[in-house]
Amino acid sequence: MNIGPLSVRRALVVLSVTPLMVLAACGGGGGTEALDGGSGGGDKEVVIAGQGYTEMQIMSEMYAALLEDAGYSTTIKEVKTRDLYGPSLMKGQVDVVADYASSMTEYLNLDVNGPDAEPVSSPDIDETISALEKLGEDAGITPLEPAQAEDANAYAVTQEFAEKNNLTTMSDLGELDQGIALAAASDCPTRQDCQRGLEEVYGLNITSFEPLGFGTTQTKDALKSGEVQLGQVGTSDGSLDSLGLVVLEDDKDLQNAENLTPVVNTEFLDANPEIADVLNELSDTLTTEDLTMLNGRVDVDRELPEDVANEYLTDKGLL
């Protein structure tokens, strides 16, 4: 999810970042450490940064387990936003992050080309990764192989509403030709990937808007209660099924590709080229369905991210 984030989870507001402190886990032994004081670039030592919500906690734990199995000592540093770990990744103070293809691409695009830069990411993952590779050359970072697993913007309705109106796609909803109340992130009305695009691309008649947030409990509750008919969520949200909610297919590709992609400091990768094979093997395996299941085990079943990560990797023969 870019500096103009596709997800509230990917752009939590940080009111104070001086000094910048983050939580350390795995090889870090707990406690807190400054992000700019890590051991990135050390021989067989890997600093992994990730944002502090379920999906990224799981991804960081999987990266750490795989790299530890390959003989590395790992430290996970949990931060709130890409704006915090991005500069550290470029400087080599962080070695590896799991990120979203289009979001990281646009983060670099705006960083390199200014706040008014035209977007260079797209719904095509190959084109997006190509753009990310080019931007990463000057930034000192390298994307590895993107997974099939994706957490993109999506729009959900209740199962009951979908069945009553025979809905499976966003086009179906547009053709329903009725007023729709929408709950989403506060910046949704002006975004092409949100209300503006839903109206222009899918022809939705959005008659009211509730700024309840991206994939929040409030948005899901508004859907369940019937206060709104449509809610903004993520494609890998593991709680939707248990809540009786379903995602409508983005059949006209309104959303950009947000495949989970390992992004590595280039200097570190040059010194440790074998980590590409280690992390790419996970990308070759992980699907959106897998990611949704893992998220659900943490968010719904209250299991620990480390436990579900290690069990998944073991079951898939990656450990």
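It is to be established whether one or more residues within the stretch 249-262 are small (Gly, Ala, Ser), at pLDDT below 95 and either on the phi > 0 side of the Ramachandran plot or not in a helix (DSSP H, G or I) (or both). Let's see the steps before the verdict.
Step one: list which residues in the stretch 249-262 are small (Gly, Ala, Ser), which gives 257.
Those still in the list that are at pLDDT below 95 too: none.
Among the residues of the stretch 249-262, not one is small (Gly, Ala, Ser), at pLDDT below 95 and either on the phi > 0 side of the Ramachandran plot or not in a helix (DSSP H, G or I) (or both), which makes the answer no.
Name every residue in the stretch 168-190 that is surrounded by fewer than 17 Cβ atoms within 10 Å (Cβ to Cβ), at pLDDT below 95 and under 27 Å from the mean Cα position of the chain (by Cα), in order of residue number.
Ser186, Asp187, Pro189, Thr190
Restricting the first residue to the stretch 70-89 and requiring it to be under 19 Å from Ala276 (Cβ atoms), which pairs with a second residue that is among the aromatic types (Phe, Trp, Tyr) and surrounded by 23 or more Cβ atoms within 10 Å (Cβ to Cβ) meet a Cβ separation below 8 Å and a spacing of at least six or different chains?
Taking only residues 6 or more apart or on different chains, the pairs are Thr74/Tyr63.
Can we say Ala271 is at pLDDT 95 or above, surrounded by fewer than 19 Cβ atoms within 10 Å (Cβ to Cβ) and among the small types (Gly, Ala, Ser)? Step through it out loud before you land on a result.
Details: at pLDDT 95 or above: yes; surrounded by fewer than 19 Cβ atoms within 10 Å (Cβ to Cβ): yes; among the small types (Gly, Ala, Ser): yes.
Taking the combined requirement at face value, the residue satisfies it.
Would you mention how many residues in the stretch 291-313 are part of a helix (DSSP H, G or I) and farther than 17 Å from Leu279 by Cβ?
In the first step, residues of the stretch 291-313 are kept if they are part of a helix (DSSP H, G or I); the result is 291-299, 305-313.
Checking the rest, the ones that are also farther than 17 Å from Leu279 by Cβ come to 292-293, 295-299, 305-308, 311.
Residues flagged as part of a helix (DSSP H, G or I) and farther than 17 Å from Leu279 by Cβ within the stretch 291-313 amount to 12.
Could you count how many residues in the stretch 31-44 are farther than 13 Å from Lys77 by Cβ and either modelled with pLDDT of 95 or more or in contact with a strand residue (DSSP E or B) (Cβ under 7 Å, 6 or more places away or on another chain) (or both)?
The initial filter retains those residues of the stretch 31-44 that are farther than 13 Å from Lys77 by Cβ, namely 41-44.
Going one step further and asking which of them are either modelled with pLDDT of 95 or more or in contact with a strand residue (DSSP E or B) (Cβ under 7 Å, 6 or more places away or on another chain) (or both), we end up with 44.
So the answer is 1.
If the requirement is being out of contact with any Gly (no Cβ under 6 Å at 6 or more places or on another chain), at pLDDT below 95, among the aromatic types (Phe, Trp, Tyr) and outside the structural domain of Thr288 (by TED's automatic domain parsing), which of these qualifies: Phe214, Phe209? Write out each step before concluding.
Working: Phe209 fails: at pLDDT below 95.
Exactly one residue qualifies, and that residue is Phe214.
The values are calculated or read from the model by the stated rules, or taken from the named source; none is laboratory data. Only a predicted model underlies this, so the values are computations on that prediction, with no experimental measurement involved. Reconstructed Cβ throughout: ideal geometry from the backbone, glycine too, with neighbour counts over all protein chains shown.
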